[in-house]
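Participant: Got a structure for you, questions after.
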Amino acid sequence: DAKTTQPPSMDCAEGRAANLPCNHSTISGNEYVYWYRQIHSQGPQYIIHGLKNNETNEMASLIITEDRKSSTLILPHATLRDTAVYYCIVRSRDDKIIFGKGTRLHILP
Amino acid sequence: DTAVSQTPKYLVTQMGNDKSIKCEQNLGHDTMYWYKQDSKKFLKIMFSYNNKELIINETVPNRFSPKSPDKAHLNLHINSLELGDSAVYFCASSQVWTHQETQYFGPGTRLLVL
């Protein structure tokens, strides 16, 4: 079972920041938070990951709360091409990636 | 310049047939994976190979047999195909078998069993 909880869907206006929340209240101290996304009919794509500190790369920013029980993925200027299902994943002890249902993000023109 | 490639992209076949899906990665990675995404869009790991050795087998029926001829290839052979095998199968790879390694996915093979 996935160790994360995400809203099933979200809308965001094009050009605005998309903030995708994720709860992972049972995360262990040595587990990372990963984000992947899956654009329709494509394979999942890695976005970003973090342990404790906030992270930023060319695609997104990841904000992890101090208690590590939740995180937020931020797409700073959403475009129509960001429409996808976004998966928040906590790596399990035996290192498998377990995908949950994800959040279906709709970018509205 | 595809990093993880799969063939075929689409596969339509009859129940009871045997088929293979091929996967190749040109990233120099040590670890490769097979995932299955069913009609409800749940994506689940099936197998993982590290340096040609099986390290994860997620209680997949033994009709599914992965084969890794070398580090860059992980093929999936399926015997006696059943209707429930219809799904999208994704291959992936990661540099090494460590906790924080990211995985790179192929485009998927859409299998339809009639």
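Participant: Quick one: divide the alpha-carbon radius of gyration of the protein assembly as shown by 2.2 N^0.38 Å and tell me what you get.
Facilitator: 1.03
Participant: A further question on this structure: Springs between alpha-carbon pairs under 10 angstrom, Gaussian network model over chain B: which of B:VAL88, B:VAL96, B:VAL12 fluctuates most?
Facilitator: B:VAL12
Participant: Could you estimate the translational diffusion coefficient of the range B:1-47 from the Stokes-Einstein equation, with Rh from the Kirkwood formula over C-alpha pairs, at 4 °C and 1.567 mPa s, in whole µm²/s? Write down the numbers at each step before the final one.
Facilitator: Working: Rh = 12.9 Å.
Roughly 101 µm²/s, to the nearest whole number.
Participant: Further question: Test of understanding: what is the full-extension gain from A:ASP67 to A:ILE39, defined as 0.36 nm times their sequence separation minus their Cα-Cα distance?
Facilitator: On the way: separation 28, 0.36 × 28 = 10.08 nm, distance 3.09 nm.
In short, 7.0 nm is gained.
Participant: Okay, next question. Let me test this: with uniform point scatterers at the alpha carbons of the range B:1-87, what is the Debye-based log₁₀ I(q)/I(0) at q = 0.21, 0.23 1/Å?
Facilitator: Log10 of I(q)/I(0), two decimals: -1.10, -1.28.
Participant: Suppose R0 equals 30 Å. What FRET efficiency, 1/(1 + (r/R0)^6) with r the Cβ-Cβ distance, do A:GLU14 and B:GLU58 give to the nearest 0.05?
Facilitator: On the way: r = 39 Å, r/R0 = 1.30.
Step by step, r from the Cβ atoms, then E = 0.15.
Participant: Take peptide A:36-42, look around each residue's Cβ out to 10 angstrom, count Cβ atoms belonging to other protein chains, and average those counts. Could the numbers behind the result be given before it?
Facilitator: Details: counts 4, 0, 6, 0, 0, 4, 5.
Rounded to a whole number, the mean comes out at 3.
Participant: Show me, for the range A:40-48, the HN-Hα J-couplings you get by feeding each phi into the Karplus relation (A = 6.51, B = -1.76, C = 1.60, θ = phi - 60°), rounded to Hz, glycine and proline as x.
Facilitator: 3, 6, 10, x, x, 10, 5, 10, 6
Participant: Under the rule that an exposed site lies in a DSSP loop and has at most 12 other Cβ atoms within 10 Å, name the longest stretch of chain A with no GluC sites (Glu not before Pro) of that kind, not counting the sites themselves. Walk me through the numbers before you get to the answer.
Facilitator: Numbers: sites that count: A:GLU58, A:GLU66.
Result for the longest clean stretch: A:1-57.
Participant: For chain B, what is the relative contact order in percent, using Cα pairs closer than 8 Å and at least 6 residues apart in sequence?
Facilitator: On the way: 289 pairs, mean separation 41.8, N = 114.
Normalised by residue count, the contact order of chain B is 37 percent.
Participant: With 15 Å as the cut-off, how large is the P(r) tail for the range A:1-92, expressed as percent of Cα-Cα pairs? Write out the running numbers ahead of the final one.
Facilitator: Details: 2382 of 4186 pairs.
Percentage above 15 Å: 57.
Participant: Once you have the Cα-Cα distance between B:LEU114 and B:ASN26, take 0.36 nm times their residue separation minus that, and quote the gain in nm to one decimal. Numbers along the way, then the final one.
Facilitator: Values: separation 88, 0.36 × 88 = 31.68 nm, distance 3.33 nm.
Between B:LEU114 and B:ASN26, full extension yields an extra 28.3 nm.
Participant: Loop-only check: which trypsin sites (Lys or Arg not before Pro) in the range A:30-72 are DSSP coil with at most 16 other Cβ within 10 angstrom?
Facilitator: Hits after loop and neighbour filter: A:LYS52, A:LYS69.
All of the numbers you see were taken from the coordinates with simple rules; none came from a lab. Bear in mind that the values here come from a model prediction, so they are computed numbers and not experimental data. Don't worry about glycine lacking a Cβ; one is built from the backbone with ideal geometry, like all the others, and counts go over all protein chains shown.
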